[in-house]
Amino acid sequence: MILDKFKLDGKVAIVTGASTGLGQGMAIALAEAGADIVGVDYVPCTETKQKIESIGRRFLEIQANLMTIEPINMIIEKTIQEFGKLDILVNNAGIIRRCDAIDFTEKD
């Protein structure tokens with residue numbers, strides 16, 4: 001079956017910006033494909049958590065402000081602690097700034 005190629009059973013995905021919008025949609029889609037989800041946002045991911053758990057997948061919520069790189073190690077450590085591994089990363093959280101990626105600083 002064609003959709004078998006999209007099965008993510010046993011995989012663990014971190015999705016940043018998971019509380020609403022595209023991040024929430026991607027987190028739910030990954031869960032529907034079989035992945036357990038680590039949802040990262042600076043606000044609670046209550047609705048995302050409920051939707052993912054209602055389809056039988058595990059959800060770890062991590063509240064973190066990604067305006068700095070400081071919380072990155074903590075996010076990875078909590079993910080490994082909870083799930084034992086990390087397979088997928090969706091870097092969805094962000095800002096809109098239209099310029100070449102090479103011109104982005106950590107502050108941006």
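Laboratory data are not the source of any read-out in this text; all were calculated from the coordinates shown. Only a predicted model underlies this, so the values are computations on that prediction, with no experimental measurement involved. Don't worry about glycine lacking a Cβ; one is built from the backbone with ideal geometry, like all the others, and counts go over all protein chains shown.
Computed over the range 34-78, the Cα gyration tensor eigenvalues convert (square root of 5λ each) into semi-axes of 21, 12, 6 Å, ordered from largest to smallest.
Would you mind putting 58-68, 78-88 in packing order, based on average other-beta-carbon counts within 10 Å, highest first?
Per-residue mean Cβ counts within 10 Å order the peptides as 58-68, 78-88.
Could you tell me which residue out of I28, I69, T105 lies farthest along the dipole of the chain toward its positive end? Charges go on the beta carbon: Lys and Arg +1, Asp and Glu -1, centred on the Cα centre. It is I28, whose Cα lies furthest towards the positive end. Dipole check for the range 47-108: with +1 at the C-beta of Lys and Arg, -1 at the C-beta of Asp and Glu, and the Cα centre as origin, the magnitude is about 260 Debye.
Mind checking the log10 I(q)/I(0) for the chain at q = 0.12, 0.13, 0.14 Å⁻¹? Debye, one equal scatterer per Cα, no solvent, two decimals. Cα-only, vacuum Debye calculation for the chain: -0.42, -0.48, -0.55. In this Cβ point-charge picture (+1 for Lys and Arg, -1 for Asp and Glu), the chain has a dipole of about 220 debye about its Cα centre.
Gain on full extension, evaluated as 0.36 nm per residue between A101 and N65 minus their Cα-Cα distance, stands at 10.9 nm.
The Cα center of the range 71-95 and the Cα center of the range 1-59 differ in position by 13 Å.
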